[in-house]
Amino acid sequence: MRKMNVAYWTVSLITIVGTIIFLIIAPSQVPIRWNFAGEVEGMGSKFVHMILPVGGIGVGVLCYYVIKHEQKKGQKINMKLVMIWLVIHAIFFTLLSFFIFSKALSNP
């Protein structure tokens, strides 16, 4: 259980650090929308790209504390399964965020 907690918070920290690095190196206007051909259809502020990592971490933290609260009320919850889900969730949002960051930086 402790290993899963460490894994979740490590992935979340990597997401936060990656987002900060993106905000430092990205220009003020970056692509925010692409069509299926990969062509840029819209430009916007680099801060728009914070929605995904912040939202992903927020959902994970919210789920974690709601489940902890339910356990205190006496509900039987398999925390190991929940922590595995949270770690997979955090990894998915981290990879997706970094993919979008790389696409935004590769299109001037």
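Since every read-out is calculated from the coordinates, none of them should be taken as a lab result. Not measured: the values here are computed from a predicted model. Here Cβ is always computed from backbone atoms with ideal geometry, including for glycine, and neighbour counts include all displayed protein chains.
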Practice task
Evaluate the Debye formula for region 2-106 with equal point scatterers sitting on the alpha carbons, no solvent, and hand back log10 of I(q)/I(0) at q = 0.12, 0.21 Å⁻¹, in q order, two decimals.
Solution key: -0.49, -1.02
Fill in the blank from the handout: Per the helix-only model, the chain has a calculated mean residue ellipticity at 222 nm (DSSP H runs of ≥4, -39500 (n - 2.57) each, divided over all residues, rounded to the nearest 500) of -24000 deg cm²/dmol
Fill in the blank from the handout: The answer for the net charge of residues other than Leu86 whose Cβ lies under 13 angstrom from its Cβ, with Lys and Arg +1 and Asp and Glu -1, is +3
Handout entry: Point-to-point label distance, Lys3-Met43, nm (Cα→Cβ direction, 7 Å offset)
Key = 4.9
